[in-house]
């Protein structure tokens, strides 16, 4: 980079597991400018947040449930690693039980 060059830097600065199964993800997008000394100065920062859960759970009109696993293949490697560690079989079973109990 040369002095005055502007770059966009994205980083996942917060990944939190809440209630054993919800994963809250915050991605920071920083706009940086290189100064004459080569040091980077942050010009702006914005955030995007989203929450992941192990399943998309839907109750049919006949009362049966369908739990479709959440596709995390498009998430950052760090997010995937945390989801794979947090979403154990016990956690997944607890999530399904909780969802089905909400809709009774």
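What's the FRET efficiency of residue 24 with residue 2 using the Cβ-Cβ distance as r and R₀ = 25 Å, to the nearest 0.05?
Values: r = 38 Å, r/R0 = 1.52.
Once the sixth-power term is evaluated, E becomes 0.10.
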> So how tilted is helix 77-86 from the main axis of the chain? Cα-based, degrees 0 to 90, rounded to 10.
Replying inline: 30
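What does the extension gain come out to for residue 66 and residue 46, with contour length at 0.36 nm per residue minus their alpha carbon separation? Don't jump to the answer; show the numbers that get you there.
Numbers: separation 20, 0.36 × 20 = 7.20 nm, distance 3.62 nm.
Gain in length upon complete extension: 3.6 nm.
Over the chain, what relative contact order in percent results from Cα pairs under 8 Å that are six or more residues apart?
Numbers: 156 pairs, mean separation 23.1, N = 104.
Answer for the chain is 22 percent.
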> Label-point separation (nm) for residue 91 and residue 53, each offset 7 Å from Cα along Cα-to-Cβ?
Replying inline: 1.5
> With each run of n ≥ 4 DSSP H residues scored as -39500 (n - 2.57), what mean residue ellipticity at 222 nm is computed for the chain after dividing by its residue count and rounding to the nearest 500 deg cm²/dmol?
Replying inline: -7000 deg cm²/dmol
>> I'd like the orientation of helix 89-102 relative to the chain: the angle between its Cα long axis and the longest Cα principal axis, in ° from 0 to 90, rounded to 10.
In response: 70
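Values quoted throughout were computed directly from the atomic coordinates according to the rules given, and no laboratory measurement underlies them. Because the structure is a prediction, the values reported are computed rather than measured. Cβ: placed from backbone, ideal geometry, glycine included. Neighbour counts: every protein chain shown.
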